[in-house]
Structures are given as C-alpha cells and as structure tokens.
1. Mind computing the radius of gyration and Dmax over the alpha-carbon atoms of the chain? Å is fine for both.
2. Can you give the calculated 222 nm mean residue ellipticity of the chain, where each DSSP H run of n ≥ 4 adds -39,500 (n - 2.57) and the sum is split over every residue, rounded to the nearest 500 deg cm²/dmol?
3. Does the range 89-140 come out rounded, prolate or oblate by the C-alpha gyration tensor, with a ≥ b ≥ c the root eigenvalues, rounded set by a/c under 1.5 and, if not, prolate when a/b is larger than b/c and oblate if not?
4. Take each of the peptides 116-123, 69-76, 130-137, average the number of other beta-carbon atoms within 10 Å over its residues, and list them starting from the highest.
5. Between N129 and D69, what is the spin-label point distance in nm, taking each point 7 Å from the Cα along the Cα→C-beta axis?
Amino acid sequence: MNKPLEPLDLPSKRPPRDAGYSVGLTTRIGRTYRFESAHHLPNLPDGHKCKNLHGHNYRLEIVVCGPLDIRGFVKDFAEIDAELAPLIKKVDHRLLNDVDGLENPTAENIAAWFFKRIADCERVRVYENEDCWAEVVAAI
Ligand SMILES: [Zn+2]
C-alpha cells in the first residue's frame, strides 16, 4: 500500500511474509479504540458553538492492510494495541489543543494525526459522536 507519509516513531519489525493464503488478495483488519477529550476549534468564527471549549467521547477506528505474514496475520492485534497505547495516552482526558500537532483538533485533523503515526495504516475514522465522523485514507 502506498502512502505519502511514513509512521513517525515506529520502526517496522515485521515477520516474513507468507507466500500462501494471501497471494492475490487484499486483507484488512480493523480495531476500535475510545478516548475522552476536550477541545475547541480556534479557526471558527466567534459565535460558532464549536469554538467554545467542549468535549467528546471519541471513537477511533483504524484499518491496517497488507499481505499475511508467516503467522497468518496482517498484523497481530496485540502489536496494534502496543502501537496505539502511547498515542491514546497522549489524547485521553486531555485538552487536544495542547497536543503537538493537534492545535486545531477537528475530527479531520485528529484522524490525520493518528494516520501518520500508525504503521501500515490504510484508513482512520474518528467519531466525535454516533452521528459525526471524519476519515483519512491512504493515497492510492
Ligand atoms: Zn467538538
């Protein structure tokens, strides 16, 4: 999968690829996380309700794509959890505007922030609530 940006912090330590089951197939796996944060959107005009400090119970969905490795995994969910834990820690119960790279923490920018930091990520979707979400996908 081509993508314009490499993950920022993590070296890729992938097991060898399996030349069997996944040949000719595209395999995706997904994982959902949740975090609670406050934010305000500084670039909105005065009077817009989202310019005021408020919070969301965010839901983060990530999709990782790639060929299967020798274990039969695109990626071990435990590896994804280990990769995401420090990122979730940076945003959970925080004012997102104070997080490096999230000075304008729209759902769109939050999705991009995660996308750039997850190895082999194909898609990130961030829900601010049950009805509103933003998604970032890998460039083709
Ligand atoms: Zn908001």
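1. Gyration radius and largest Cα-Cα distance of the chain: 16.5, 58 Å.
2. On the way: 2 runs with 24 residues, N = 140.
Calculated mean residue ellipticity at 222 nm is -5500 deg cm²/dmol.
3. Details: a/c = 1.95, a/b = 1.30, b/c = 1.51.
It is oblate, given that a/c is not under 1.5 and a/b is not larger than b/c.
4. On the way: 116-123: 19.9, 69-76: 15.6, 130-137: 13.4.
Top of the packing list down: 116-123, 69-76, 130-137.
5. Here the modelled spin labels are 4.0 nm apart.
We did not get these values from a lab; they are worked out from the coordinates using the rules stated. This one's a predicted model, so the numbers in the text were calculated from it and none came from an experiment. FYI the Cβ positions are ideal-geometry reconstructions off the backbone, even for glycines, and counts take in every protein chain you see.
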